[in-house]
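Participant: Just passing along the structure, written as structure tokens.
Please treat every number below as a calculation from the coordinates, not as lab data. Only a predicted model underlies this, so the values are computations on that prediction, with no experimental measurement involved. Please note: Cβ atoms are built from the backbone with ideal geometry, for glycine as well, and neighbour counts cover all protein chains shown.
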Amino acid sequence: QVQLVESGGGLVQAGGSLRLSCAASGSIFSINAMGWYRQAPGKQRELVAVSRSGGWTNYADSVKGRFTISRDNAKNTVYLQMNSLKPEDTAVYFCKADVRRVRDGALAAYWGQGTQVTVSS
């Protein structure tokens, strides 16, 4: 079994910063990619940022230049540094990891429980 635990959400004023963390644990052989998605009320879940093995990263246009994704592979942890936050960044942020499992070698996607980020104007 694989678990993802997120932390770091909260309430912040526009222009402020938050740092999200997501730690993966369990029966993990390797992690191909880790990323962050978000879902605002009444909207579909959307990609925010992703980090793949080898250091490749990708960002949604709406967060480029403001958010930075990073990984600590030794800790199976991904971070999202969010600066210059805007009210439209308000959403539940979910962590996702593409994990190759020890028990069967299969590649599977796992999600965290989500953490609320609220940006006040």
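Participant: Find the lysine pairs in the chain meeting two conditions, Cα atoms under 20 Å apart and a separation of 8 or more places or different chains, and report how many there are.
Facilitator: Count of close lysine pairs: 5.
Participant: Over segment 61-121, how many percent of alpha carbon pairs lie in each 10 Å bin up to the one with the longest distance?
Facilitator: Once binned at 10 Å, the Cα pair distances of segment 61-121 give 18, 43, 27, 11, 2.
Participant: Provide the packing ranking of 33-45, 54-66, i.e. peptides ordered by the mean count of other C-beta atoms within 10 Å per residue, highest first.
Facilitator: Packing proxy ranking, top to bottom: 33-45, 54-66.
Participant: While we're on this one: Could you work out the percent of alpha carbon pairs in the chain separated by over 17 Å, rounded to a whole number?
Facilitator: The answer is 53 percent, as a whole percent.
Participant: Could you go through segment 114-120 in sequence order and give the Karplus-derived ³J(HN,Hα) for each residue, using 6.51 cos²θ - 1.76 cosθ + 1.60 with θ = phi - 60°, rounded to whole Hz, and x for Gly and Pro?
Facilitator: x, 9, 7, 10, 10, 10, 8
Participant: A further question on this structure: Could you identify which residue out of Phe29, Phe67, Phe94 has the top mean-square fluctuation in a GNM of the chain using Cα springs shorter than 10 Å?
Facilitator: Phe29
Participant: Placing +1 at every Lys and Arg Cβ and -1 at every Asp and Glu Cβ, with all other atoms neutral, what dipole size does segment 60-121 have around its Cα centre, in debye to the nearest 20?
Facilitator: Details: 9 positive and 6 negative charges, 45 e Å.
The dipole magnitude comes to about 220 debye.
Participant: Could you work out the relative contact order of the chain, using alpha carbon pairs under 8 angstrom and six or more residues apart, expressed as a whole percent?
Facilitator: Computed over the chain, the figure is 36 percent.
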